[in-house]
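Structure first, then comments.
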Amino acid sequence: MSSLRRRRLSLATALACLLVAGIASAAATSPAQHATALIDAGQFSSAEADITKALAQPGLSAEARDALLFQRERMRRILIDFTLDTDAAKAKVRKQIPDLTDAEFARWDSQGLIERQVIDGRTLYFKRAPNNLFLLSKEAAARRAHPAPANDDPMETLNDHHRAARREALATQRSSVTPNHVRVTETVTVNADAVPAGETIRAWLPFPRELPGQQEGVHLVDSQPSGAKVAPAETMQRTAYLEKKAEAGKTTTFAVTYELTIYAQYHDLDASKVTRTKITPELAPFVAERAPHIVFTDDLRAFSRKVVGTESNPYRIAQKLFAAVDQIPWAGAREYSTISNLSDYTLHAGHGDCGEQTMLLITLLRLNGIPARWQSGFIFSDGKYNNIHDWGQLYLAPYGWVPMDVTFGQLHPAQGDDPALQWFYLGGLDAYRIAFNSDFSQPLVPAKQFFRSETVDSQRGELEWRGGNVYFDKWDYDFTWQLLPASERTDR
């Protein structure tokens, strides 16, 4: 949103000052928190020295040791994401604006539109920042020599699927409608010699959860190698587990094929019927803070007060917060494991991808006493589009849990459409997405021995061998899918 953009630089500067000022107080709590503050302030050398010193202390618990080692790993991952010096960042922008001036770059940079960090005195830009610039600045986008090709999910634009889902839901008084039957194959390919020959690679590939009324009839069709072990249905971040030995000079491939039925959802929410939710023990976790990513900071409280004002109806509050976060521009994100607080980061950066926007909205809803929780997985179309994606759910009495997708945001009804379709994604969901996860930062089954590549989400997979984690830069992933007529379903 424009006001956030104007505040972005001053807030980021203030945040950096607060981080530096808070280093001393963080030291009083734990060495890992001290290292976190140093890293967030860009003081990597000091953080490394402190981590080394802390690891040498006698009597260090295994938990404290792991926390310190992860902060060391986080620095390594940040440097994988922030690879561009100023000249390299300018060169990437110039590929799309050949006559870019230094003054233009400096102005956009000073506005916080080209994400960077100062690490040990060296300015480094996020490797996706030059492309993100054109998503964050209309001025920059207008200067492109050639318009960018459209690559949005068809479901981000109001279409006949949304209309049909709402129409059927109203006609039948059911919230789960217009099902799709789909077969999906996920493939993970590990680079040749990423793991020594003869060593066993352990792989966790995301697998759909069984969610009544949302996705049902989930079953494994095939796997490569055979014998995939699917995690129990109650696993909040569900996966299929596989093992395979690495061979010299060859890539290592893992794959799972599964089928399921996905329903569109639509709840005809009426603000006049919504009441304040009684927070039961079952709902209490979903209005609570959950560090590090759901924390009710002073800045989040101030933002919430500005957006919500004096509104007291939970649905109207949700609408206001949904609309506010919807105005925060989408941009490609750095790895979540490198960010110490996703919701706070998104507020101050003034941009975010789907998971960052969703985490911010969940935090704001909880801050206002509205239960909210996470979902994520894979989205696709009946054409060529597919991607990984995050969304969520909120609880509104008397309706119960209903879906929300703030990244798809508010739709734009055409003439003749019912205006209620504007809010389709606050209480509704399309039937072109598969949920692997019903929570964030949850353990895998079987347990992973080493640090995860993705500490928040689980959409691409996880890999390790006895020598450690296999990070994202050592492998790639892919999805293929097909919509199935009833006659081709194998669950019949």
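Take the conditions touching a Pro at 6+ places or on another chain (Cβ under 9 Å), assigned to a strand (DSSP E or B) and farther than 30 Å from residue 398 by Cα and apply them to residue 263. Does it pass? Answer is no for this residue.
Go through the range 346-389 and give me each residue that's among the charged types (D, E, K, R), more than 24 Å from residue 276 (Cβ to Cβ), surrounded by fewer than 23 Cβ atoms within 10 Å (Cβ to Cβ) and in contact with a strand residue (DSSP E or B) (Cβ under 9 Å, 6 or more places away or on another chain). Explain how you work it out, then say what you get.
At the first step, the residues of the range 346-389 found to be among the charged types (D, E, K, R) are 353, 356, 366, 373, 382, 384.
Restricting the remaining residues to those that are more than 24 Å from residue 276 (Cβ to Cβ) gives 353, 356, 382, 384.
If we keep only those that are surrounded by fewer than 23 Cβ atoms within 10 Å (Cβ to Cβ) as well, we get 353, 382, 384.
Once the filter is applied, which keeps residues that are among the charged types (D, E, K, R), more than 24 Å from residue 276 (Cβ to Cβ), surrounded by fewer than 23 Cβ atoms within 10 Å (Cβ to Cβ) and in contact with a strand residue (DSSP E or B) (Cβ under 9 Å, 6 or more places away or on another chain), the range 346-389 yields 353, 382.
The residues of the range 67-91 that are of a type in the set (Lys, Arg) and surrounded by 19 or more Cβ atoms within 10 Å (Cβ to Cβ), listed by number, are 74, 77, 90. Residues that are surrounded by 13 or more Cβ atoms within 10 Å (Cβ to Cβ), touching a His at 6+ places or on another chain (Cβ under 8 Å) and touching a residue at least 12 places away in the same chain (Cβ under 8 Å) do not occur anywhere in the range 219-241.
Here is a yes/no grid of residues against (1) among the polar types (S, T, N, Q); (2) touching a strand residue (DSSP E or B) at 6+ places or on another chain (Cβ under 6 Å); (3) over 26 Å from residue 484 (Cβ atoms):
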| residue | (1), (2), (3) |
| --- | --- |
| 192 | no, no, yes |
| 226 | yes, no, no |
| 230 | no, yes, no |
| 271 | no, no, yes |
| 277 | yes, yes, yes |
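Residues checked against (1) within 30 Å of residue 43 (Cβ to Cβ); (2) out of contact with any helix residue (DSSP H, G or I) (no Cβ under 7 Å at 6 or more places or on another chain); (3) in the same structural domain as residue 351 (by TED's automatic domain parsing):
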{"position": "91", "(1), (2), (3)": "yes, yes, no"}
{"position": "104", "(1), (2), (3)": "no, yes, no"}
{"position": "112", "(1), (2), (3)": "yes, no, no"}
{"position": "115", "(1), (2), (3)": "yes, no, no"}
{"position": "121", "(1), (2), (3)": "yes, yes, no"}
{"position": "125", "(1), (2), (3)": "yes, no, no"}
{"position": "128", "(1), (2), (3)": "yes, yes, no"}
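When the residues of the range 124-177 are filtered to those that are within 22 Å of residue 326 (Cα to Cα) and of a type in the set (Lys, Arg), the one that is surrounded by the most Cβ atoms within 10 Å (Cβ to Cβ) is 166.
The values are calculated or read from the model by the stated rules, or taken from the named source; none is laboratory data. These numbers were taken from a predicted model, which means no experiment stands behind them. A quick note on method: Cβ atoms are made from the backbone with ideal geometry, for glycine too, and the neighbour counts reach across all protein chains shown.
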